[in-house]
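The values are calculated or read from the model by the stated rules, or taken from the named source; none is laboratory data. Bear in mind the structure is a predicted one, so any value in this text is a computation, not a measurement. Here the Cβ positions follow ideal geometry from the backbone for every residue, glycine too, while neighbour counts run over all protein chains shown.
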Amino acid sequence: MSARTFTPDRVNADGSTTIRMKRACNGCGQLLGDVDNRDVDKDGNLTDVRGECSFCAPIVALEAAGCRTWNLTRRNLNIVDDATDADGLFAKGYFEYVDDKLVVTGLRIGQGETRQVAKFGDWIVRHPDRTWTVHHAPEGEAADA
Ligand SMILES: [Zn+2]
């Protein structure tokens, strides 16, 4: 597949702005470039473009290898927590101070020295051998929590 174009916004003489609609990664929301025919299938559904995303492409490969994956958000925190419980792995919310308030910013998986912390926007990967790893979001690009 050819590389996607990325047309910058253009400010017109009258002060208006002309934009080309952009496709966001369906895994993390990062803008990938201009929308084109690859973005909808024959039934009009949005296609999976995570393979084009530098952050999410490794996740697509892990899924092909049989891994289960979650992009951690506030909305699926309990679902992922339940999945770790089903593997006999302890997990709980990870708290940090944000603007002087203690708030949940992710999930702590495991205990002691082997514990891992996934922040909202990170990918959590359950491998077929029941090990769990965290694929961290690039700095400043965490998905909406
Ligand atoms: Zn992505």
Taking Ala61, is it without any contact (Cβ under 8 Å) to a residue 60 or more places away in the chain and touching a helix residue (DSSP H, G or I) at 6+ places or on another chain (Cβ under 9 Å)?
-> yes
Applying the selection to the stretch 81-93, what residues are small (Gly, Ala, Ser) and in a strand (DSSP E or B)?
-> Ala91, Gly93
State whether the residues of the stretch 94-106 include one that is assigned to a loop (DSSP other than H, G, I, E, B) and either outside the structural domain of Ala64 (by TED's automatic domain parsing) or among the small types (Gly, Ala, Ser) (or both).
-> no
Yes or no: Glu52 surrounded by 10 or more Cβ atoms within 10 Å (Cβ to Cβ) and either within 10 Å of the ligand (Cβ to nearest atom) or of a type in the set (Phe, Trp, Tyr) (or both)?
-> yes
Are any of the residues in the stretch 37-49 over 24 Å from Val104 (Cα atoms), within 16 Å of the ligand (Cβ to nearest atom) and in a strand (DSSP E or B)?
-> yes
Would you pick out the residues in the stretch 61-80 that are part of a helix (DSSP H, G or I) and buried (at least 17 other Cβ atoms within 10 Å of the Cβ)?
-> Leu62, Leu77, Val80
Complete set of residues in the stretch 22-36 that are more than 14 Å from the ligand (Cβ to nearest atom) and part of a loop (DSSP other than H, G, I, E, B) | Val35, Asp36
Within the stretch 44-62, is there a residue that is touching a Pro at 6+ places or on another chain (Cβ under 9 Å) and farther than 14 Å from Ile124 by Cα?
-> yes
Within the stretch 104-114, the residues that are loosely packed, with under 13 Cβ neighbours inside 10 Å and closer than 21 Å to Trp70 by Cα are Gln111, Thr114
